[in-house]
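Notes follow once the structure below has been shown.
Every number in this text was worked out from the coordinates using simple rules, so none of it is lab data. Values in this document were obtained by computation on a predicted structure and should not be read as measured data. For neighbour counting, all protein chains shown are included, and Cβ atoms are generated from backbone atoms with ideal geometry for every residue, glycine included.
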Amino acid sequence: MYKKHTFAEIFKVRPIMRLSTLKFFFFVSLLCFNPVLSAQESTTSSPTEEKEFNAVEMIMHHISDSNEWHLWTSTDENGEEHHVSIPLPIIVWKDGSFHFFSSKKIHGHTHEGFTLNHGALVSTEGLEKAGIADLFTGLDGKFVDLSITKNVAGIFISIAFLLLIFVSASKIYSKNNGVPKGIAGFVEPVILFIRDEVALPNIGAKKTPVFLPLLLTIFFFIWINNLLGLVPFFPGGANVTGNIAVTMVLALITLVVVNINGNKNYWGHIFKPPGVPAWLLPIMIPVEFLGILTKPFALMMRLFANITAGHIMILSLISLVFMFKSIAIAPASVALALFVSVLELLVAALQAYIFTVLTALFIGMAVQEEHH
Amino acid sequence: MDAGLIYVGIGLAVLGVGLGIGRIGGSAMDAIARQPEAAGKIQGAMLIAAGLIEGAGLIAIIFGAFVK
């Protein structure tokens, strides 16, 4: 029988700073995204002709990463477009030294040998961008791009939200003698659901306290990022979980945790699947071995595809109005976009839940004892 | 010819997803009709299975749309 610790016992908060200080820092840090302080305006030329609306380009611009956070574009009476965006810092490692500068400096110009080419950081000195494989084969003639892009800033924002929500919830428990009020009352049923329906049945009572924080982090991180991706204005709209690199890292975390915690049973099942006749083993063993990799791969692709497809759907429905160049389409387009957005709310929570359930399942397979 | 075949492939993937999720929905309806008290649990299981199948279909669609 799982000894039901009190909620506050499991999720003790170790005091690093008091909650009011954390809230203060959170709101002050949002100010550094203040467009009045740091935004740049850029104007495009050819004020007399209207650019043809290109739906694919607009959708790709919204889905992909960028070195600045575009807030809005206004067109003044001359027909010139003013883009207001927050320039994000560029951090590059080149020839043994780091270069920090704001992306304001390379917007349309060249600075320290770098410039922006269609939103992507390129080197004017002929250097290529280094990939992960270049860590092993050598970094000559390549620069390492560590910039804070829109997605990275989006991750920091969701981390800030997560800290705010859960540190507040912990504080409420200690202040109110274990009675959840306020945000803790909202968060507790969800956490208990993950513990009782996801973690305990799959991992078992003995190992759940070890892995429950990981499962909860994965669930809430993915859920909050999915939800923020649906918000069209700052601080949302960064499309974090629609970036395959982010979902790849989440799947890698699952891969590493499962295989590091695999016990004798787990590896036994892979190299000697029970109940398999000997002549089938040469096929089964490579299949099982590949299965170690394909399971996290499917996790990565599932989350990426669901979120990106949802965003593309919503953007396409809205751009119908611009493609038909008539306001008459608007009621149908907005109604459909509203319906799809509500569906995306469901998908946001469902995909977070599915990722967590599958991770719990894999961890359970890795740590389960013999059960014949 | 190849460019057009990608769209046929994407259509086939959607066909598979539609059939699969349709079957899940149908079985869920039958189960709820047999036992209305279990409707909540059946609905939960249905949504999870639908999410997994849709994931597989969307993987095929994204491969078709983005991988040149």
Exercise. Post the alpha-carbon centroid distance, segment A:48-116 to segment A:346-372, in whole angstrom.
Key: 40
Quiz item: Based solely on its DSSP helices, what 222 nm [θ] is calculated for chain B when runs of n ≥ 4 H residues each add -39,500 (n - 2.57) and the sum is averaged over all residues, nearest 500 deg cm²/dmol?
Solution: -32500 deg cm²/dmol
Quiz item: Could you give the angle, 0 to 90 degrees to the nearest 10, between helix A:244-260's Cα long axis and the longest principal axis of the Cα atoms of chain A?
Solution: 20
Quiz item: What list of ³J(HN,Hα) values in whole Hz, one per residue of segment A:231-237 in order, does the Karplus curve 6.51 cos²θ - 1.76 cosθ + 1.60 (θ = phi - 60°) give from phi, with Gly and Pro shown as x?
Solution: 7, x, 10, 4, x, x, x
Quiz item: Mean residue ellipticity at 222 nm from the helices of chain A, using -39,500 (n - 2.57) per DSSP H segment of n ≥ 4 over the full residue count, to the nearest 500 deg cm²/dmol?
Solution: -18000 deg cm²/dmol
Practice problem: Could you check the simple spin-label distance between A:T217 and B:M1, using points 7 Å along Cα→Cβ, in nm with one decimal? | Solution: 5.3
Practice problem: Please turn the phi angles of segment A:125-136 into ³J(HN,Hα) values with the Karplus equation 6.51 cos²θ - 1.76 cosθ + 1.60 (θ = phi - 60°), one per residue in order, whole Hz, x for glycine and proline. | Solution: 9, x, 7, 9, 6, 7, x, 4, 4, 6, 4, 9
Quiz prompt | Backbone HN-Hα couplings from phi across segment A:187-193 [Karplus 6.51/-1.76/1.60, Hz, Gly and Pro as x] | solution = 7, 4, x, 5, 5, 5, 4
Exercise. Using the structure shown, list the pairs from A:K105/A:K129; A:K207/A:K264; A:K51/A:K129; A:K171/A:K206 with a Cα-Cα distance above 22 Å, or answer none.
Key: A:K51/A:K129; A:K171/A:K206
Practice problem: Name the long-range amide H neighbours of A:H82: under 5 Å, sequence gap of 5 or more, or other chain; modelled H, no Pro or chain starts. | Solution: A:S74, A:T75, A:D76
Quiz item: With axes computed from alpha carbons, what is the tilt in degrees of helix A:330-367 against the longest principal axis of chain A, rounded to the nearest 10 within 0 to 90?
Solution: 30
Quiz prompt | the protein assembly as shown - charge dipole about Cα centre, Lys and Arg +1 at Cβ, Asp and Glu -1, debye rounded to 20 | solution = 2080
Quiz prompt | Sequence-distant residues sharing a close amide H with A:S66 (under 5 Å, placed H) | solution = A:K150, A:N151
Quiz item: Relative to the longest principal Cα axis of chain A, at what angle does helix A:19-31 sit, 0 to 90 degrees, rounded to 10?
Solution: 30
